[in-house]
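What follows is one structure encoded as structure tokens, with my remarks underneath.
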Amino acid sequence: MSRDLLGAWSAWRDEYGGMMHLRIWPEHQVVVTDPERVRELLVDHHDALVRWERAIEVFAQLHGHSTLTSEGVAWRTKRHALQPAFTPKAVQAFLPAMAGAADAAFAQWPRSDAAWPIESAFTSLGMDVILRMMFSSGIAADARDAERAVHEAAVAGNAEMYWPKSWPDWMPWKGKKRRALATLDRLITGHVRARMDMPQADWPQDLLTRLLALHIEDPATWPLKAVRDECMTAFLAGHETTAATLTWWAWCMAANPAAQAAARAEVDAVLQDRAPTAADLPALDYLGRTLQETLRLYPAAPVLISRRSVRPITLGGWHLPARTIFAVPLHLMHHDPRWFPEPDAFRPERFASDAPAIPRGAFMPFGTGPRVCLGQHLALAEMTLLAAMFLQRYSVDVPPGATPPKPVFNITLRPETPLVLRLTARVR
Ligand code: HEM
């Protein structure tokens, strides 16, 4: 397991089936990969579960007490208050801000580059998008610092998560982590303070104004610290995952030129050179499938779906005691050859309406049940819009001699070394 976690789990799944028990002293862990059991766990038994507390302990250092990191009544109150801002209809209002960020970014990209650092470029763009949606202000000169800080915080968090306890942050070797947390806190707190100093009549219509409305209405439930924590979660969850997915998508497009050509032909036919609007997104059907297939091959946030039971439950006929740890390895589920023949191959047509049905729960990059990703509609709209605008302007190829990037967990699933691709602007 320590050499190759997913390889070991995959072999055991073939031998023992969709639910297996691992005894990792002092814990009992149950790895669930059967789609029906996964839904039973995350939907029917939702009330008997909390997120795996070690991951939350590590996340909370940065996120504080937000929708992502809280449980019970506190979680329900936050989720309920935020949900209206993240419905499919509500996210349409953010599309012009997203298109503005993409326009500004692409204006800075080169016309051609044999080794363009596409991962870093999409990460900056993802950060700009979320900053515009949250704070109505784009990426500033301190963006590089923020990008580095997000990376350092993820590396430190990932390293700590699999140990039962962390060394205190004042230890001399934790300087990089301390600086990263301070940089991110300054960024978010700075925006909240700046808004508070502004006359209310001038507050723009963005996510921060929505959160501050909650604070003004009910400061006991929504102190400024809670607003700050929610902003931090939206900032981190809202750009890391979409940037990782767009990076993998760019790789899939470069490695599968026929799919890239088909997606571009669709974008050209639907948009006729215009910027996409909300009304266009449903018509970008094939492009959407390339993104789904990317999320199947490279689910961006696999670590989040681990839970601990707080009381005994029965799952698939098994009686499991309180304090069992449950792992739902999305990557493994998404590579199940029963529903995804030749599971390593990039085949967007798997998601076509006339393709064989995929069982419920077999594909769930955003999770499922009441704790399903809050930002799933936002993420899908954003990624479709940015991918379409990208294909209008550029094509990508695998640089000669480059090998397929190896996915590694760094909170999100990222290429082991930063991805570079050959970028060429289209003649228009
Ligand atoms: C490709 C993009 C994304 C992927 C793959 C993704 C995936 C996930 C997953 C797997 C979970 C955990 C679900 C569970 O535990 O059952 C989650 C939770 C969450 N995500 Fe996302 N996410 C994405 C984008 C976003 C965006 C854009 C936002 C917000 C701006 C966001 C905010 C959240 C929040 C707040 C939670 C916690 C929800 C809760 O506990 O109630 N995510 N996401």
> Projected onto the charge dipole of region 73-180 (+1 at Lys/Arg Cβ, -1 at Asp/Glu Cβ, origin at the Cα centre), which of Ala180, Leu125, Ala143 gives the Cα projection farthest towards the positive end?
Replying inline: Ala180
> Averaged over all directions, how much area does the convex hull of the C-alpha atoms of the chain cover when projected, in nm²?
Replying inline: 21.9 nm²
> Given C-alpha coordinates of region 370-428, what is the ratio Rg to Rh with the Kirkwood estimate of Rh?
Replying inline: 1.07
> Where does the chain land at 222 nm, in deg cm²/dmol rounded to the nearest 500, when only DSSP H runs of n ≥ 4 count, each adding -39500 (n - 2.57), divided by all residues?
Replying inline: -16000 deg cm²/dmol
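Provide Trp173, Trp203 in ascending order of the number of other Cβ atoms located within 10 Å of each residue's Cβ, fewest first.
Trp173, Trp203
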> Tell me, Ser136, Ser124 in order of fewest to most beta-carbon neighbours within 10 Å?
Replying inline: Ser136, Ser124
>> Quick check: the distance between the Cα centres of region 115-136 and region 234-284, to the nearest angstrom?
In response: 15 Å
> Where in the chain are the DSSP H helices whose C-alpha atoms run 30 Å or more along the long axis and whose mean Kyte hydropathy is at least -0.5?
Replying inline: 224-255
> Which of the listed residues, Ser70, Trp109, Ala275, is farthest toward the dipole's positive end in the chain, when Lys, Arg count +1 and Asp, Glu count -1 at the beta-carbon?
Replying inline: Ser70
> Sorting Glu119, Glu266 on the 10 Å Cβ count, fewest up front, what's the list?
Replying inline: Glu266, Glu119
>> Explain nothing, just the number: relative contact order of region 48-191, from Cα pairs under 8 Å at least 6 residues apart, as a whole percent.
In response: 22 percent
> Rounded to the nearest 20 Debye, what is the dipole magnitude of region 5-425 about its Cα centre when Lys and Arg each give +1 and Asp and Glu each give -1 at the C-beta?
Replying inline: 920 debye
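Every read-out reported here was derived from the displayed coordinates using simple, explicitly stated rules and does not represent laboratory data. Bear in mind that the values here come from a model prediction, so they are computed numbers and not experimental data. FYI the Cβ positions are ideal-geometry reconstructions off the backbone, even for glycines, and counts take in every protein chain you see.
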